[in-house]
Amino acid sequence: MGDIAIQVSNLTKLYGKTLAVDRINFEVKKGEIFGFLGPNGAGKTTTQRILTGIIKANSGTVSIMGLNIETESFYAKRQIGVVPEIANVYIDLSAWNNLMLIGSLYGLSKKNRIAKAEELLKLFNLYERKDEKTKTFSKGMKQRLLLAMALMSEPKVLFLDEPTSGLDVQSCRLIREKILEFNRHDMSIFLTTHNITEADQMCNRVAIVNHGKIAVIDTPEKLKKEFQFMQVIEVLFNKEIQNKRELEKMRGISKIQKVNDKFKIYTDDTDCLIREIINFSHREKLKIISLNTLAPNLEEVFLKIVEEHKSG
């Protein structure tokens, strides 16, 4: 357990006859950002609620920094900070008093509470409004305050559930920057998100979960390389194509999409398809304005894995 922040073994959760989490196993290394991705109803939130000790599993074990979340709950929970998807700041308290309350719950001395609150409010650009009741705060401000509250105890492991969902661009950027900064100081981060681009940019590894089971765990780069057969050719012709059926008949096409004035053509044979496109343009008396080869992005890989896991 020396280099493991979170250890999950055979975790199972039932709601009546519905199997929400199905005997999953994974580990999160110390100092990494671990993404937990999946469609709605896949079991992501249930898993995170078990990992943070909010609900109990039917079977299996969870260890946080080597401490069992059920049998050593008090000590395990002192290792973690949690930012839920829905901001649950105390709206009738000021930002300052929200932090003071959390600090006292964690047993921080008054001196440490004050020092930590000042540091975090300045870090998240909230210090000038520290004495205002948070009912007046925007969603982005509440989310930044929630992150500050989760950090009052200087947790070893930070759990984030959709931390940038529905936020303005400025708040999203600030929160992502701070998450990466905390991670550089050896904080382990468990990120549950629907934002595939966010996971691609931030995570060392991701787990893709569907129907309560983990379909795959790997780095974003390795997953994209594994799905190189999903290469995309993006082509723009000089005018509208009259004979679209001929375009669809080209060899090497697995899927074709019209995106604005361009065609995105998926293939497992890039060389063959490029030759077919050139021949097609000659036959149809078209000019190729632009032609780009695109590697698969993590969103396309995610959709493919979920689709395969569902049909399997």
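For this structure, a couple of remarks:
- Scanning region 22-32 for residues that are among the charged types (D, E, K, R) and part of a loop (DSSP other than H, G, I, E, B), we see that the one that is farthest from the chain's Cα centre (by Cα) is Lys30.
- Yes/no for Leu19 being more than 14 Å from the chain's Cα centre (by Cα), buried (at least 22 other Cβ atoms within 10 Å of the Cβ) and not in a helix (DSSP H, G or I): no
- Output for region 129-139, where each listed residue is farther than 14 Å from Ile86 by Cβ and out of contact with any Lys or Arg (no Cβ under 9 Å at 6 or more places or on another chain): Arg129, Lys130, Asp131, Glu132, Lys133, Lys135, Ser138
- Some residue of region 213-230 being touching a Ser or Thr at 6+ places or on another chain (Cβ under 6 Å), modelled with pLDDT of 85 or more and among the small types (Gly, Ala, Ser): no
- Condition check for Phe190: out of contact with any Asp or Glu (no Cβ under 6 Å at 6 or more places or on another chain), modelled with pLDDT of 95 or more, more than 18 Å from Leu120 (Cβ to Cβ) and buried (at least 20 other Cβ atoms within 10 Å of the Cβ): yes
- Scanning region 45-61 for residues that are crowded, with 21+ Cβ neighbours inside 10 Å and either part of a strand (DSSP E or B) or of a type in the set (Ser, Thr, Tyr) (or both) turns up Thr47, Thr52.
- Condition check for Ala199: under 24 Å from Glu300 (Cα atoms), crowded, with 18+ Cβ neighbours inside 10 Å and modelled with pLDDT under 90: yes
- Of the criteria (1) touching a residue at least 60 places away in the same chain (Cβ under 8 Å); (2) within 30 Å of Asn25 (Cβ to Cβ); (3) not aliphatic (A, V, I, L, M), which one Gln231 fails: (2)
- Condition check for Glu234: acidic (Asp, Glu) and either modelled with pLDDT under 85 or assigned by TED's automatic domain parsing to the domain that holds Glu32 (or both): no
One line per residue, one yes/no per condition, for (1) among the aliphatic types (A, V, I, L, M); (2) part of a loop (DSSP other than H, G, I, E, B); (3) assigned by TED's automatic domain parsing to the domain that holds Thr47:
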{"residue": "Ala76", "(1), (2), (3)": "yes, no, yes"}
{"residue": "Tyr90", "(1), (2), (3)": "no, yes, yes"}
{"residue": "Leu101", "(1), (2), (3)": "yes, no, yes"}
{"residue": "Glu118", "(1), (2), (3)": "no, no, yes"}
{"residue": "Ala150", "(1), (2), (3)": "yes, no, yes"}
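- Residues that are touching a helix residue (DSSP H, G or I) at 6+ places or on another chain (Cβ under 9 Å), more than 15 Å from Ile175 (Cβ to Cβ) and crowded, with 20+ Cβ neighbours inside 10 Å do occur in region 130-139.
- Set side by side, the residues Phe182, Phe159 differ, and just one is part of a helix (DSSP H, G or I), closer than 25 Å to Phe26 by Cβ, touching a residue at least 12 places away in the same chain (Cβ under 8 Å) and among the aromatic types (Phe, Trp, Tyr), which is Phe182.
- Yes/no for Thr197 being under 15 Å from the mean Cα position of the chain (by Cα), part of a helix (DSSP H, G or I) and not aromatic (Phe, Trp, Tyr): yes
- Hits in region 33-44 (condition: over 12 Å from the mean Cα position of the chain (by Cα) and buried (at least 19 other Cβ atoms within 10 Å of the Cβ)): Ala42, Gly43
- Hey, Leu99 closer than 20 Å to Phe159 by Cα and modelled with pLDDT of 95 or more or not: yes
The values are calculated or read from the model by the stated rules, or taken from the named source; none is laboratory data. Keep in mind that this is a model prediction, so the values were computed, not measured. All Cβ positions, even for glycine, are placed from backbone atoms using ideal geometry, and neighbour counts span all protein chains on display.
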